[in-house]
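Comments concern the structure below.
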Amino acid sequence: MSRWIFLLLLTTGLAAQTADPARFQFVTNSLPNGMLGRPYAANLTLRNGAGPFEWRLTDGTLPPGLFFDTNAGAIRGTPSQIGDYRFSLTVRDLGTNEMVRHTFIVAIQNQLLLEWLKTPTLSSNTLSGLVKVTNNNLRGQTFNITVIIVAVNEIGKAFALGYQHFDLAESIEQTVPFSSTLPNGQYIVRVDAIAALPNKRQSSARTSLETPTPVVVNVNR
């Protein structure tokens, strides 16, 4: 038997084994992403198991705020922290003593996204920049957005750099420029964005962004 025929048969055999519809396996191969502060629920389905099943988290961590319901084979809760979370679940079929393991990745996103389009830049004693706001709620909702940008100096005094108030539909972006002249000092630039549904006072989402290091204004007068 030639080497290439042997490799072909080996590959075909492995593919057939992987695709074997009769083996104990996960039907659920991926999980939906979640939104910060929104209830999350995802069911995990198995195939060809006799049961009962013993579920275990064997690697990684679930997103904070979520828990695994071992009785229902489901992940539930309300995400409390954004990020990408990778974890593995192992299931033992106590009826047949077979085991199956699968790794999942779940991204928890904020409904409201803030990004620097132009990081704060100093020219003489004028500080300016540009931020982008995106409605990422994925429910077809229009948000009423308030954006406030301030520079806070080393003694905690805040200077207004920019302010905007506008409506933002789902998946739409809005840029917010800012610029102001500042006295000498060291400044952290902070952007706060608050979203509310129209005609409702309670906020639906909020997020913030700030410079990691101070911007130093030192102009001789």
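Computed from the coordinates by the stated procedures, all read-outs in this text should not be read as laboratory data. From a predicted model like this one, the values you see are computed outputs, not experimental measurements. Using ideal geometry, Cβ is built from the backbone for each residue, glycine included, and neighbour counts are taken over all protein chains shown.
Computing Cα Rg over 2.2 N^0.38 Å for the structure here picks out one of [x] 0.94; [y] 0.99; [z] 1.51, namely [z]. Considering only 154, 115, 210, the Gaussian network model of the chain with Cα springs below 10 Å gives its largest mean-square fluctuation to 154.
Provide the gained length on full extension for the span residue 57 to residue 97, in nm with one decimal, where the gain is 0.36 nm per separating residue minus the Cα-Cα distance. Before the final figure, lay out the partial values.
On the way: separation 40, 0.36 × 40 = 14.40 nm, distance 1.76 nm.
Value of the extension gain: 12.6 nm.
Mean-square fluctuations from a GNM of the chain, with a 10 angstrom spring cutoff on Cα atoms, peak among 114, 66, 46 at 46.
Each of residue 160 and residue 72 was given a label point 7 Å from its Cα along the Cα-to-Cβ line. The distance between the two points is 4.8 nm. Note on the chain: GNM, Cα springs under 10 Å; of 110, 144, 125, the largest mean-square fluctuation is that of 125.
Relative contact order of segment 50-121: 33 percent, from C-alpha pairs under 8 Å at least 6 residues apart in sequence.
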